[in-house]
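> Sharing a structure, written as structure tokens. Questions coming.
The values are calculated or read from the model by the stated rules, or taken from the named source; none is laboratory data. Bear in mind that the values here come from a model prediction, so they are computed numbers and not experimental data. Don't worry about glycine lacking a Cβ; one is built from the backbone with ideal geometry, like all the others, and counts go over all protein chains shown. The accessibility values were calculated without ligands, DNA or RNA, using every heavy atom of the protein model including side chains. Shrake-Rupley method; radii C 1.70, N 1.55, O 1.52, S 1.80 Å.
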Amino acid sequence: MVDQGIPLEFLELGDREWRVLLDAGAVPRTLKAAAITVRDQRHLPVVPLANEILALWNRPRIVQTLLHGDLGPGV
């Protein structure tokens, strides 16, 4: 797990590891930047997780917009 004795400014973890830290209330408060590693899966499912991380620092949420329409011929 994350060593709370080291003042981390950046942390990159997979979505499962972030979930464990969030559930345990163990996200280092010294973070200035974070990354969620996504491999072999779609990126959209991690948006709620990213929003939870952003909320810890009262940062704006990621807004998702779904567009419907016809892209035209040849697309």
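> Below 8 Å between Cα atoms, with a sequence gap of 6+, how large is the relative contact order for the chain in percent?
For the chain, the relative contact order is 28 percent.
> Rank 30, 65 by accessible area, highest first, at a 1.4 Å probe radius?
Heavy-atom accessible area, descending, gives 65, 30.
> Figure the gain on full extension for residue 12 and residue 61 (residue separation times 0.36 nm, minus the Cα-Cα span) and round it to one decimal in nm.
Residue separation times 0.36 nm, minus the Cα-Cα distance, leaves 15.8 nm.
> Residue farthest toward the positive end of the dipole of the chain, with Cβ of Lys/Arg at +1 and Asp/Glu at -1: which of 56, 21, 71?
In the chain, that residue is 56.
> Which trypsin sites (Lys or Arg not before Pro) in region 19-75 sit in a loop by DSSP (not H, G, I, E or B) and have at most 10 other Cβ atoms within 10 Å of their own Cβ?
Here the sparse-neighbourhood loop sites are 29, 32, 39, 42.
> I've got another one for you. Given a 1.4 angstrom probe, I'd like the percentage of the accessible area of the chain that is carbon and sulfur, rounded to a whole number.
For the chain, the apolar C and S fraction of the accessible surface comes to 55 percent.
> Report the relative contact order of region 1-43, percent, no decimals, based on alpha-carbon pairs under 8 angstrom and at least 6 residues apart.
52 percent
> Report which label in [x] 0.98; [y] 1.12; [z] 0.94 holds the value of Rg/Rh (Cα atoms, Kirkwood Rh) derived from the coordinates of this structure.
Calculated Rg/Rh (Cα atoms, Kirkwood Rh): the matching label is [y].
> Loop only by DSSP, 13 or fewer other Cβ within 10 Å of the Cβ. Give me the chymotrypsin sites (Phe, Trp or Tyr not before Pro) in the chain that pass, ordered by residue number.
57
> I would also like to ask the following. For the chain, with every protein chain kept in place, what is the accessible area per residue (1.4 Å probe, Å²)?
Per-residue accessible area for the chain comes out at 80 Å².
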